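Written out below as structure tokens is the structure these notes cover.
The values are calculated or read from the model by the stated rules, or taken from the named source; none is laboratory data. Since this is a predicted model, take the numbers as computed values, not measurements. No Cβ is skipped: glycine too gets one built from the backbone with ideal geometry, and neighbour counts run over all protein chains shown.
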Amino acid sequence: MQMKARGWYLLFLVLVIGVLMSMLSGCASRGGLTAKRADLVAKGLAQIGTPYVYGGTSPRQGFDCSGLTYYAHYQTGLRIPRTAAAQHRAARPVSRNRLQPGDMVFFKTGPDIYHVGLMIDRKHFVHASSARNEVRVDSLDSPYWSAHYIGAGTYLY
């Protein structure tokens with residue numbers, strides 16, 4: 001990735017983490033963003049710009065979509081299945097209108113091809129995109145992702 005683009009990603013990351021932390025302060029007693037959710041989102045966002053690598057599960061190696069969600073959960077002390085389809089099957093379902101940061105969103109992009117991302121707010125998710133060959137943020141409301149959306153789930157209780 002070019003240094004200038006990487007700088008923009010890092011600035012975005014710092015801003016998002018700042019917003020998450022401000023949401024977190026004083027919110028636990030009011031049902032707001034928990035520390036675990038904020039940590040999970042921060043772990044995912046920290047990988048923005050990391051190359052897409054099929055089967056990848058680490059920043060050094062690169063990530064595929066489920067490798068990114070697997071890594072972020074692992075880094076926050078949660079063990080989840082490795083593949084997008086298995087993550088979808090095992091997650092506790094969440095309705096689209098109740099999505100929170102840290103929830104996972106699932107897509108079917110081909111007959112036997114599943115994709116997964118990690119929500120960072122109510123409309124955006126971080127994911128390892130093979131289309132752009134890197135970890136990036138996209139909108140759940142974009143025409144492409146809306147058309148391929150098949151559900152959401154969480155491992156956070």
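Odds and ends about this structure:
- Every pair of residues 6+ apart whose Cβ atoms lie under 7 Å, when the first sits in segment 36-48 and is over 12 Å from D103 (Cα atoms) and touching a residue at least 60 places away in the same chain (Cβ under 8 Å) while the second is in a helix (DSSP H, G or I) and of a type in the set (S, T, Y): I48/Y9
- Filtered residue count, segment 120-155, keeping only those that are of a type outside the set (V, I, T), within 20 Å of T57 (Cβ to Cβ) and surrounded by 13 or more Cβ atoms within 10 Å (Cβ to Cβ): 10
- Filtering segment 115-146 to residues that are over 25 Å from D39 (Cβ atoms) and either touching a strand residue (DSSP E or B) at 6+ places or on another chain (Cβ under 6 Å) or modelled with pLDDT of 95 or more (or both) leaves S130, N133, D141, S142, P143, Y144, S146.
- Checking each residue in segment 73-114 for being among the small types (G, A, S) and either out of contact with any Cys (no Cβ under 7 Å at 6 or more places or on another chain) or within 22 Å of T34 (Cα to Cα) (or both) picks out G77, A85, A86, A90, A91, S95, G102, G110.
- In segment 67-114, of all residues being closer than 17 Å to S130 by Cβ, at pLDDT 95 or above and of a type in the set (G, A, S), the one that is farthest from the chain's Cα centre (by Cα) corresponds to A85.
- Failed item in (1) touching a Leu at 6+ places or on another chain (Cβ under 8 Å); (2) not in a helix (DSSP H, G or I), with H73 passing the rest: (2)
- Residue in segment 37-88 that is nearest to Y155 (Cα to Cα), counting only those that are among the basic types (K, R) and surrounded by fewer than 21 Cβ atoms within 10 Å (Cβ to Cβ): R79
- Complete set of residues in segment 100-113 that are over 14 Å from Y155 (Cβ atoms) and surrounded by 12 or more Cβ atoms within 10 Å (Cβ to Cβ): F107, K108, T109, I113
- Residues in segment 137-157 that are assigned to a loop (DSSP other than H, G, I, E, B) and free of Cβ contacts under 8 Å to residues at least 60 places away in the same chain were compared, and the one that is nearest to L78 (Cα to Cα) is L140.
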